[in-house]
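Structure record follows, encoded as structure tokens.
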Amino acid sequence: MTSPNSVAYRPATAQDLEPIVAISRQIWHMGMGAALEQRYGLIGGKPWQDYIAQSMHTAVAQAIERDNCLVAEVDGTVAGWSTWQTDESRSIGTIGYNGVHPDFRGRGIGTELVRLALEQIRSAGMRIAAVTTGLNEGHAAARAVYEKLGFESLVESVHYTMELHHD
Ligand SMILES: CC(C)(COP(=O)(O)OP(=O)(O)OC[C@H]1O[C@@H](n2cnc3c(N)ncnc32)[C@H](O)[C@@H]1OP(=O)(O)O)[C@@H](O)C(=O)NCCC(=O)NCCS
């Protein structure tokens with residue numbers, strides 16, 4: 001698969017796992033883990049990067065195994081990725097973790113990765129496509145990508161936390 005800007009889009013392989021996890025450590029500032037750390041300091045003695053690396057590793061390894069992960073490559077370097085899952089019983093395909101390294105943003109790569117994932121969901125026969133994202137500023141680009149591709153907001157939600165005091 002090739003598309004605009006001399007970017008190659010292809011199914012991810014096990015070799016892509018490490019670069020994807022490395023990018024996620026670099027970019028996942030907009031996520032829940034970073035927000036928790038900003039509010040409360042280190043959680044469980046580890047930085048948010050360790051938590052996202054762990055979840056990304058698990059989710060992307062599973063997606064690669066199921067052939068549900070694509071990467072965008074620029075000159076042999078992984079620039080971004082997208083993942084998805086399908087639920088045949090409900091006929092819903094869900095876009096999962098996706099991201100683009102900051103050096104390659106604003107060139108349509110993120111949109112193309114999600115568009116191609118949607119094509120896969122469509123060819124799997126799903127009736128509905130879904131994705132969950134944040135309403136914070138860090139997720140603004142992701143929302144722009146999803147809305148550009150035709151997603152419409154269904155339910156807006158909020159994640160509350162409070163510190164419990166023990167005396
Ligand atoms: C979301 C992400 C993958 C987009 O990658 P990208 O390659 O830059 O995406 P594109 O170039 O295809 O499109 C980005 C769009 O976001 C828009 N955008 C960027 N920053 C924005 C902001 N702060 N507010 C609103 N829109 C913004 C761009 O204008 C562009 O839309 P346009 O083409 O209509 O102008 C990338 O920003 C990223 O990795 N973000 C962090 C990880 C993330 O949020 N992943 C999704 C988790 S749900």
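Every read-out reported here was derived from the displayed coordinates using simple, explicitly stated rules and does not represent laboratory data. Just so you know, these numbers come straight off a predicted model, no measurement behind them. Note that each Cβ is placed from the backbone with ideal geometry, even for glycine, and that neighbours are counted across all protein chains shown.
Figures for the structure shown
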read-out: Scope segment 27-49; condition in contact (Cβ under 8 Å) with a residue 12 or more places away in the chain, out of contact with any strand residue (DSSP E or B) (no Cβ under 9 Å at 6 or more places or on another chain) and farther than 27 Å from Ile121 by Cβ; matching residues; value: His29, Ala34, Ala35, Arg39, Tyr40, Trp48, Gln49
read-out: Counted residues, segment 20-34 - those being among the hydrophobic types (A, V, I, L, M, F, W, C), surrounded by fewer than 16 Cβ atoms within 10 Å (Cβ to Cβ) and under 26 Å from Met162 (Cα atoms); value: 1
read-out: Which numbered condition Arg127 misses (of (1) of a type outside the set (Ser, Thr, Tyr); (2) out of contact with any Ser or Thr (no Cβ under 8 Å at 6 or more places or on another chain); (3) surrounded by fewer than 16 Cβ atoms within 10 Å (Cβ to Cβ)); value: (2)
read-out: Matching residues in segment 83-99 - criterion: being free of Cβ contacts under 8 Å to residues at least 40 places away in the same chain and either out of contact with any Phe, Trp or Tyr (no Cβ under 8 Å at 6 or more places or on another chain) or more than 13 Å from the ligand (Cβ to nearest atom) (or both); value: Trp84, Gln85, Asp87, Glu88, Ser89, Arg90, Ser91, Ile92, Gly93
read-out: Among residues of segment 100-111, those that are loosely packed, with under 15 Cβ neighbours inside 10 Å and either farther than 15 Å from Ala141 by Cα or without any contact (Cβ under 8 Å) to a residue 40 or more places away in the chain (or both), counted; value: 2
read-out: Scan of segment 35-57 for residues that are small (Gly, Ala, Ser) and loosely packed, with under 15 Cβ neighbours inside 10 Å, ordered by number; value: Gly41, Gly44, Gly45
read-out: Qualifying residues in segment 131-161 (those that are among the polar types (S, T, N, Q) and within 13 Å of the ligand (Cβ to nearest atom)) - the one surrounded by the most Cβ atoms within 10 Å (Cβ to Cβ); value: Thr133
read-out: Selected residue (only one of Gly106, Gly150, Gly93, Gly125 is more than 13 Å from the chain's Cα centre (by Cα), assigned to a strand (DSSP E or B) and of a type outside the set (A, V, I, L, M)); value: Gly93
read-out: Filtered residues of segment 136-167 (kept if among the small types (Gly, Ala, Ser) and either touching a Ser or Thr at 6+ places or on another chain (Cβ under 8 Å) or on the phi > 0 side of the Ramachandran plot (or both)); value: Ala142, Gly150
read-out: Filter result for the condition that a residue is within 10 Å of the ligand (Cβ to nearest atom), in a helix (DSSP H, G or I), surrounded by 15 or more Cβ atoms within 10 Å (Cβ to Cβ) and of a type outside the set (D, E, K, R), over Val60, Val114; value: Val114
